Amino acid sequence: MTARIAILTGYGINSDIELAHSFNLAGGKAERVHLHDAIDGRIRLEDFDILAIPGGFSFGDHIASGRVFANRLRHKLGDTLLRLREKKTPILGICNGFQVLVKLGLLPGTEPASFTQTCTLTYNDSGRFENRWCHLKAEGNVSSPWLRGVEALYLPVRHGEGKFIPGSDALLAELEKNGQTCLRYCNEDGSEPAKGSAGFPANPNGSTGHVAGLCSKDGLVFGLMPHPEAHVLPTQHPHWQRQGLKAEGDGLRIFRNAVQFVG
């Protein structure tokens with residue numbers, strides 16, 4: 001059966017079409033679902049195999065990026081989301097979607113699943129919106145199906161509030177031990193960014209531990225600030241004319257992994 005993916009949209013989300021296209025390229029069947037239709041019950045999220053929250057500027061980033069969208073999900077679709085976690089439904093959040101999942105409490109998550117926020121994503125150290133391409137590396141102890149076979153990625157970021165801050169040093173150590181700090185910003189050769197200026201520009205926002213993405217303990221909920229849907233085609237690479245075309249964009253493997261996982 002072809003995997004069905006629900007792409008939430010509405011209220012300022014603006015990467016839903018690109019995200020749906022990426023899942024379709026990976027062999028899935030993506031459907032854009034307006035948040036209001038899910039809340040009203042016109043479309044049931046439980047009928048899908050994967051749930052994805054795209055990037056954008058939901059509710060104009062008022063209060064804090066992702067906060068209002070997260071509150072709508074918690075108070076209007078909280079029971080649905082907890083059922084999806086019980087069913088082991090893969091959930092993805094990209095950029096604004098990552099901010100939503102963190103402020104919702106589904107990332108890095110608790111066991112059993114609850115809406116308890118333990119980390120945050122806040123203003124970049126640069127004090128400005130960052131729009132640049134970044135090198136990423138996957139942690140060696142990651143067991144998330146989203147990152148199966150992934151070692152390195154080259155993806156763009158475009159955000160003003162992407163700095164990851166854990167609730168405590170102890171929590172960060174636990175997340176690292178569990179393989180939940182699954183993606184980190186790095187230099188082109190995979191080395192750790194320089195310590196000065198929190199690693200900028202390799203680390204575009206000053207994230208603690210250079211964390212660019214998180215997954216739940218079971219690996220099924222995955223969120224990242226960079227945009228994999230913006231690099232699924234080889235011609236989306238900024239240097240393809242100088243370096244030659246790759247077989248595919250780096251981000252496509254993430255979507256293919258998820259589609260194959262539920263297939």
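The values are calculated or read from the model by the stated rules, or taken from the named source; none is laboratory data. Because the structure is predicted, anything quoted here is derived from the model rather than measured. Here the Cβ positions follow ideal geometry from the backbone for every residue, glycine too, while neighbour counts run over all protein chains shown.
Matching residues to (1) within 15 Å of Val262 (Cβ to Cβ); (2) out of contact with any helix residue (DSSP H, G or I) (no Cβ under 8 Å at 6 or more places or on another chain); (3) buried (at least 19 other Cβ atoms within 10 Å of the Cβ):
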residue	(1), (2), (3)
Leu8	no, no, yes
Tyr11	no, no, no
Phe23	yes, no, yes
Ala30	yes, no, yes
Phe48	yes, yes, yes
His62	no, no, no
Leu84	yes, no, yes
Gly93	no, no, yes
Phe98	no, yes, yes
Fill in: Members of the stretch 146-177 found to be surrounded by fewer than 17 Cβ atoms within 10 Å (Cβ to Cβ), charged (D, E, K, R) and assigned to a loop (DSSP other than H, G, I, E, B), listed by number
Glu151
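Out of all the residues in the stretch 226-261, which are of a type in the set (D, E, K, R) and crowded, with 23+ Cβ neighbours inside 10 Å?
Going through the stretch 226-261, the residues of a type in the set (D, E, K, R) turn out to be 229, 242, 246, 248, 250, 253, 256.
Once the filter is applied, which keeps residues that are of a type in the set (D, E, K, R) and crowded, with 23+ Cβ neighbours inside 10 Å, the stretch 226-261 yields only Glu229.
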Discussion item. If Leu136 meets every condition in (1) assigned to a strand (DSSP E or B); (2) free of Cβ contacts under 8 Å to residues at least 60 places away in the same chain; (3) in contact with a Pro (Cβ under 7 Å, 6 or more places away or on another chain) apart from one, which number is that one?
Written reply: (2)
Worksheet item: From the residues in the stretch 100-113 that are farther than 20 Å from Ile5 by Cα and modelled with pLDDT of 95 or more, which one is surrounded by the fewest Cβ atoms within 10 Å (Cβ to Cβ)?
Response: Gly105
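Does Thr122 fit the bill of being among the hydroxyl-bearing types (Ser, Thr, Tyr), surrounded by 15 or more Cβ atoms within 10 Å (Cβ to Cβ), modelled with pLDDT of 95 or more and in contact with a Gly (Cβ under 9 Å, 6 or more places away or on another chain)? Can you show your working first?
Details: among the hydroxyl-bearing types (Ser, Thr, Tyr): yes; surrounded by 15 or more Cβ atoms within 10 Å (Cβ to Cβ): yes; modelled with pLDDT of 95 or more: yes; in contact with a Gly (Cβ under 9 Å, 6 or more places away or on another chain): yes.
Yes; evaluated as a whole, the condition is true for this residue.
Got a sec? Which of Ile53, Ile13 is out of contact with any His (no Cβ under 9 Å at 6 or more places or on another chain), at negative phi and free of Cβ contacts under 8 Å to residues at least 60 places away in the same chain? Reasoning before the result, please.
Numbers: Ile13 fails: free of Cβ contacts under 8 Å to residues at least 60 places away in the same chain.
Ile53 is the lone residue from the list that is out of contact with any His (no Cβ under 9 Å at 6 or more places or on another chain), at negative phi and free of Cβ contacts under 8 Å to residues at least 60 places away in the same chain.
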Worksheet item: Under 9 Å by Cβ, and 6 or more places apart or on different chains, what pairs join a residue from the stretch 161-182 that is more than 20 Å from Val142 (Cα to Cα) with one that is of a type in the set (Gly, Ala, Ser) and part of a helix (DSSP H, G or I)?
Response: Lys163/Ala198
